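Following: one structure in structure tokens, then a few remarks.
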There are 2 protein chains.
Amino acid sequence: MARPRTKKRIVNRLPRERREADILEAALHVFRLRGYENASISEIAERAGLVEGSIYRYFQNKRDLVIKVIEQWYLGMISEDEAWLPGIEGARNKLRHAIWHHLNAIRQEPGLSRLVFSEFRPDPEYRQTTIFALNRRYTSRVTDIVREGMQAGEFRADVSPSLVRNLIYGCIEHHTWAFLRGEGDFDVERTADAITNLLCQGLDQRPNPVASPAPRKKRL
Amino acid sequence: MARPRTKKRIVNRLPRERREADILEAALHVFRLRGYENASISEIAERAGLVEGSIYRYFQNKRDLVIKVIEQWYLGMISEDEAWLPGIEGARNKLRHAIWHHLNAIRQEPGLSRLVFSEFRPDPEYRQTTIFALNRRYTSRVTDIVREGMQAGEFRADVSPSLVRNLIYGCIEHHTWAFLRGEGDFDVERTADAITNLLCQGLDQRPNPVASPAPRKKRL
DNA sequence: GCCATTTAATGAATGTAATTTATTTGGCTG
DNA sequence: CAGCCAAATAAATTACATTCATTAAATGGC
């Protein structure tokens, strides 16, 4: 029961911002690598250069921490995307770009994508999360594009824009699951083309392909 | 330290099949209600009328148990579906039925659906799972229908059947997430119609609405 | 019907990981 | 330079899954 007075514990004190940033970076790394369940606070702490319990001074709990990580990722993606879109002409091209961008994001960050798809979205609290709000912002460009395309007469007007959104993001997700599990790769460009084409043209054999030489311009 | 000889422990011995069935039923109930993480072996054991440790005589571990539960569910769905399909004429109608059936399955078993979507599919081992094989069997009817439709000239032949499959199941899944989280309901019939229509007709304004019998509004 | 063997079932032990709490430490202020 | 406060720590707590040694029921040979 004699306590070892000799062993002074080493304490490394840092400014709040620095610590928080260090923890976030460590958490990003570990969550990306291991997913949510298999990520341990102790590994994050070790990587950030402190002790498990100390994480809780900066973040409420493991979930809060992972949410902060995902938030940062979303913010980056949204601003990145907003920089590109204005330069693209025509609803179909814009749609193609949104599809391309999402495929690309998944390919760049499979670990974080998995986290969102399987850890957050199913959560009954998801709707109250900031991730939900960010995701809505992120996906709303598709519904916006669709509405614009309808106004311009480029798209038929009797389709629900949110159904189109679900179709696009759902299709992409299903298409990329094998990759997300680490089973090989996929081609962003080809996939984007294929989805855009199927979505716009539809599956039916065109009833009257002869009559329309100019697919874009409407007549009279 | 005196051990209580007086307290004889009560043991309820049952035939293997009965025990296994009891455990499976209890597990079905608990997993449906609580999902995977929040389901505890002790709750399942209690409901099945035995003690935690005993579960492990019948199932390797928690994961093995949940897999058995999901397997049973899939087998039921597949046979149920195979009973209907032959009676339907035309690729488009068959597709509509597959879509309808999946929507219906999700609506009947939101808890189990969530389990598959967020617990199994992301698992790196998923491909080696029997669930994977069953899911493949379950979804393959869509690719089959699409191929048939192409052969019959009802569908265009330059589309990947598996892309259509991903589009359908992905779209359905995205469309039902809010419901799966317990946020309200959805209409199976209407949704099935909307998806079928969008998938077959496509988003583009028909270049030549005059030639076909006026789907929405005709001008002039 | 009776003992020996087999196997179901138990209850306690083990291990791991998140979270909480009581203590200690370092830097800053008056 | 003493004392305070927030930052860090280490140890305690909790909640489960999983393992294991022990007990009890069933069964088969006599």
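General remarks:
- Shielding by partners - mean other protein chain Cβ count within 10 Å, residues of B:153-160: 4
- Debye equation applied to the C-alpha atoms of the stretch A:1-155, log10 I(q)/I(0) at 0.09, 0.10 Å⁻¹: -0.41, -0.49
- Computed from phi, the 3J(HN,Hα) profile of the stretch B:131-146 under the Karplus parametrisation 6.51, -1.76, 1.60 (θ = phi - 60°) reads 4, 4, 4, 5, 5, 4, 4, 5, 8, 5, 4, 5, 4, 4, 4, 4 Hz, with x in place of Gly and Pro.
- For residue B:182, the distances from its label point to the matching points in the remaining copies are 3.3 nm, ordered from shortest, with each point set 7 Å beyond Cα toward Cβ.
- Overall size of the stretch A:29-103 from C-alpha positions, given as principal axis extents largest first: 53, 21, 18 Å.
- Kirkwood hydrodynamic radius (C-alpha pairs) into Stokes-Einstein, the protein assembly as shown, 25 °C and 0.890 mPa s, D in µm²/s: 99 µm²/s
- The stretch B:118-171 and the stretch A:76-93 have Cα centres separated by 31 Å.
- Teacher prompt: residue B:47 distances to equivalent labels in other copies, 7 Å Cα→Cβ, nm: 3.6
- Counting Cα-Cα pairs of the stretch A:139-183 in 5 Å increments starting at 0 gives whole-percent bin shares of 5, 23, 22, 16, 12, 9, 7, 4, 1.
- Accessible area per residue in Å² at 1.4 Å probe, computed on chain A: 56 Å²
- Extension gain, residue B:151 to residue B:185: 0.36 nm times the residue separation minus the Cα-Cα distance gives 8.5 nm.
- Inter-copy label distances for residue B:128: 4.0 nm (label point placed 7 Å from Cα along Cα→Cβ; shortest first).
- Here the average projected area of the convex hull drawn through the C-alpha atoms of the stretch B:63-220 stands at 11.3 nm².
The values are calculated or read from the model by the stated rules, or taken from the named source; none is laboratory data. Computed from a predicted structure; not experimentally measured. As a convention, Cβ positions derive from the backbone with ideal geometry for all residues, glycine included, and neighbour counts pool all protein chains shown. Heads up: the accessible areas ignore ligands, DNA and RNA and are worked out on the full protein's heavy atoms, side chains in. Shrake-Rupley method; radii C 1.70, N 1.55, O 1.52, S 1.80 Å.
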